[in-house]
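A quick write-up on the structure given underneath.
Just so you know, all these numbers are worked out from the coordinates, no wet-lab data involved. Every value quoted in this text rests on a predicted model; they were computed, and no experiment measured them. Cβ placement follows ideal geometry from the backbone for every residue including glycine, while neighbour counts extend to all protein chains displayed.
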Amino acid sequence: MKIAHVEIAGLRGATPKGGWSTELEPDNVVHTLLVLKTDEGVVGVGSIFTSDSLVRSSLEVLKPLLIGETALEPERVSEKLHQNTFWLGRGGAITHTISGIDTALWDVFGKITGQPVGRLLGGRLREKVMPYASLLMEEPRSMTEKLLSLRSQGFRAFKIGWGTFGRIDAANDELLVKSARAAIGDECFLAVDAGGSDAYWRGNLNWAINTSKMLKEYDVGWFEEALRPDDLEDFRQLRIQSPVPIAGGEVLTRRQSFTPFLTTRAFDLVQPDVTKVGGISEFRRIANMADEFGVRVIPHGWNTAIGLAVDLQLSSAILSADKVEYCTGSAYVDDISETPWQLDGDGLLKIPTQPGIGFSLDPEKVEKYSGVRGILN
C-alpha cells in the first residue's frame, strides 16, 4: 500500500482567542487539517498547529520524499522526512507539517491493522482519561461564570491561563487564582498557565518563584510556562525552588530540543504538542525519554478535535499521561466531529477503541470551516 496523495484544509471563521498580546481574529488560520490518501483508498487524518500557507509551502518540499512511499511504516517514513529536511529549518513549519503527516500515517496504519493507535504504541494502560477544561483568564466575574458553566457540564479539572496574569501586578495574579478556586471548589483540579511563550514575556525567575508560592496556597496542580520557552537554567532553578510542580515544553519541537530540559530535570511534567513536535512517532520518543528521568507527560494537542483524539490515544499508552487538555469554546474541537465528545459522570473522556486515532470528521463541518469540499473522499 502506497501513499498516493496529500491534501490540506486550513480552519477559519471561528478561530478562538488565544490570549496573545497581538490577538488572533476569527479568520486567522493557525490550525490546518491534513488528509493522506493511499492507492488502495485508505484515508488518514492529521492536524498541524501552523497556517495553511506555511503547510502548503512545506508540502512542496516534502511531497517528492513522501508520495509513493509505503503507508505501512509511519515512523520510518517520518524519520526520512526529518533526515532530508533538517537543513531547511528543523523545528519550524516543515517539522510542524511532518507532525500532521506522521499522525495521518499512524491513522492509516491503525485502520489497516484494525487497531487503535494506543495499542500499536505498546498497549492500552487506561480506557478513560480526565480532560482539563482550558480557558483564558478574564476579569474575575466573567471567568467565574464560565468556570461555573463548565463545572455544571461535568468537568472536574481546569486550567486558567494567559490574559492579564503576570502582566499587571501580584495582587491581580492572586485575585484571578483565588476567584477560580472559589468557583470550582476545593475538590476540583486547578492548573495555572502564565503563557510565557507570549511575545516579550516579562515574567522573570524571581517573579516565577514568588508566584509559585502564592499558587501553593490555592492547591494549584502545576505552574505552566512561567518563563520564556528557552530559559533552561531559570527553569531548572524554578523547579528546585517552587513548591508546586513546574510544566512546560509545548513550543519545543523534536526530541533534540527536549533533551536538555529532561536531562537537567528542568520540568516536573513536560507537554509535547503532537501537532507540531514531529507527530506521534516523535512524541513517543520524548515520552520514553521523560520516563527515564521521572518526568510526567501531559499531551498538549489541544487545538483541534484531531489533536484531542490523538492525545487520547497517547494517554492510553503512556502511564503518566493521566490528563489531556480540552480547549473550551472552540468550534474546531467541538463542532467538526461526527460524534460529539461526551464526559462521563466522573468527568472523564472514554478513549476510542476504533481503528487508527478512532475519530471521524464531519465532512460538511470541515467544508464549513475551511471552504474545501470533498477533502475526506
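Structure values in brief
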quantity: Net charge dipole size for the chain [Lys, Arg +1 and Asp, Glu -1 on Cβ; Debye, nearest 20]; calculated: 520 debye
quantity: Options THR22, LEU59, VAL333, ranked by Cα towards positive dipole end of the chain, top entry (Cβ charges); calculated: LEU59
quantity: Helical contribution to [θ] at 222 nm, DSSP H n ≥ 4, -39,500 (n - 2.57), averaged over the chain, rounded to 500; calculated: -12000 deg cm²/dmol
quantity: Per-residue Cβ neighbour rank within 10 angstrom, fewest leading, ASP39, ASP193, ASP334, ASP231; calculated: ASP39, ASP334, ASP231, ASP193
quantity: DSSP-defined beta bridges in the chain - what % are antiparallel, rounded to 5; calculated: 45 percent
quantity: Dipole in debye (nearest 20) - the stretch 212-324, about Cα centre, beta carbon charges: Lys, Arg +1; Asp, Glu -1; calculated: 220 debye
quantity: Hz values of 3J(HN,Hα) by residue in the stretch 45-50 - Karplus curve (6.51, -1.76, 1.60), Gly and Pro given as x; calculated: 10, x, 9, 10, 8, 7
quantity: Per principal axis, descending, Cα span of the chain in whole Å; calculated: 60, 41, 39
quantity: The stretch 278-333 - charge dipole about Cα centre, Lys and Arg +1 at Cβ, Asp and Glu -1, debye rounded to 20; calculated: 40 debye
quantity: Degrees separating the helix 140-152 axis from the principal Cα axis of the chain, which is the longest one; calculated: 60 degrees
quantity: Proxy reagent accessibility, fewest Cβ within 10 Å first, across GLU325, GLU338, GLU25; calculated: GLU25, GLU338, GLU325
quantity: Cα gyration tensor shape for the stretch 69-149, rounded if a/c is under 1.5, else prolate or oblate; calculated: oblate
quantity: Between helix 254-263 and the chain: long-axis angle, C-alpha atoms, 0 to 90°, nearest 10; calculated: 30 degrees
quantity: Computed lengthening from ALA182 to ASP322, 0.36 nm per intervening residue step minus Cα-Cα distance; calculated: 48.0 nm
quantity: Angle in degrees between helix 52-66 and the longest Cα principal axis of the chain, rounded to the nearest 10; calculated: 40 degrees
quantity: Taking MET289, MET1, MET137 and counting other C-beta atoms within 10 Å, the order from fewest to most; calculated: MET1, MET289, MET137
quantity: Calculated FRET efficiency for the pair THR259/LYS2, C-beta based, R₀ 41 Å, to 0.05; calculated: 0.75
quantity: Anisotropy class of the stretch 22-130 from Cα gyration tensor, a/c 1.5 cut; calculated: oblate
